[in-house]
């Protein structure tokens, strides 16, 4: 059975979310942090809180970096390795226009020469983390192209020049964002041509989706990464592993847990803002479109804890008793 990974989702799947998910449901093999830009003074911002060992104790956490500068990567890697981590994931997949315009994330896929120079500095530069920690692991998360999938063969050719420990592939191109059918022929190409292990990311919304990918690539992939569906139903990993569905009480306890932690670690205002973002996904459990729209509107309009809790009470009255599938 392929390992299960929690995908990095900016502002959502940080240490508060992943610790609560582990406490309430478990069954996740690896947690990937939302991307950290090392040019944003990595340890002097909220990114530092993401990486503190005390905030990730007992979890298999892989920090993800978003940069195209080997110098900045190596500076960050030194800090990360000294904190006890043994792997960093490089983000070559973010489809954000502001990110891609700077040739970062998926933007680097349109310039394989830049990718090559960056990776050469990461693996072979005088300040490479591998000079201090030869066993340190570096993985990559990517899309299958920028403008189209014709970008992929050149990217794989470049990636194969370096000892990348794993390639996590989201089979969409930059302009797809998260819509449209995954481009599975391109994923097949990555599986057939990348030298190191490959894992799958994209549109795993149910046990059926997991089983379909797991069965098709039984001998060919290492892991399956889930993101948005895990925010809709944080019990999806346990459901896949044990066929144990999420109950309404479990979901309520989970959401209350992260809300209280956000209040304690950030502020009541930040907690409310973060929960509104979470509920834009969790409300997907409500099958009736009009009810779902009304619930999320009420939650988003809430201006204080009392209003938020009233809106959540209504939301839970609309949820199914057991989340058996998505």
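Computed over the chain, the per-residue total of -39500 (n - 2.57) for DSSP H runs of n ≥ 4 gives a 222 nm mean residue ellipticity of -13500 deg cm²/dmol, rounded to 500. Cβ crowding within 10 Å ranks 274, 216 as 216, 274, fewest other Cβ atoms first. A full extension of the chain between residue 10 and residue 29 corresponds to an added length of 4.9 nm, given 0.36 nm per residue minus the alpha carbon distance. Reducing the stretch 235-268 and the stretch 1-72 to their Cα centroids gives an inter-centroid distance of 17 Å. Counting 0.36 nm for each residue step from residue 243 to residue 321 and taking away their Cα separation leaves a gain of 26.5 nm.
Subtracting the Cα-Cα distance of residue 110 and residue 193 from their residue separation scaled by 0.36 nm leaves 28.0 nm. Put in line by how crowded their Cβ is, counting other Cβ atoms within 10 Å and starting with the fewest, 72, 167 read 72, 167.
Between the helical axis of 248-265 and the longest alpha-carbon principal axis of the chain there is an angle of about 70 degrees. How far is helix 305-318 tilted off the main Cα axis of the chain, in degrees rounded to 10, range 0 to 90? For helix 305-318, the angle is close to 90 degrees. The simple spin-label model puts a point 7 Å past each Cα toward its Cβ; for residue 131 and residue 305 those points are separated by 5.2 nm. Counting neighbouring Cβ atoms within 10 Å and putting the fewest first, the residues 165, 94, 207 line up as 165, 207, 94. Per-residue packing, averaged as other Cβ atoms within 10 Å, sorts the ranges 58-66, 239-247 into the order 58-66, 239-247, beginning with the highest.
Given a Förster distance of 30 Å, report the FRET efficiency between residue 69 and residue 165 from their Cβ-Cβ distance, rounded to the nearest 0.05. Show your work: numbers first, answer last.
On the way: r = 21 Å, r/R0 = 0.70.
Step by step, r from the Cβ atoms, then E = 0.90.
A Förster distance of 45 Å, applied to the separation of the beta-carbon atoms of residue 313 and residue 185, puts the FRET efficiency at 0.45.
Only the coordinates and a few stated rules stand behind these numbers; no lab work does. From a predicted model like this one, the values you see are computed outputs, not experimental measurements. Backbone-built Cβ (ideal geometry, glycine too); neighbour counts: all protein chains shown.
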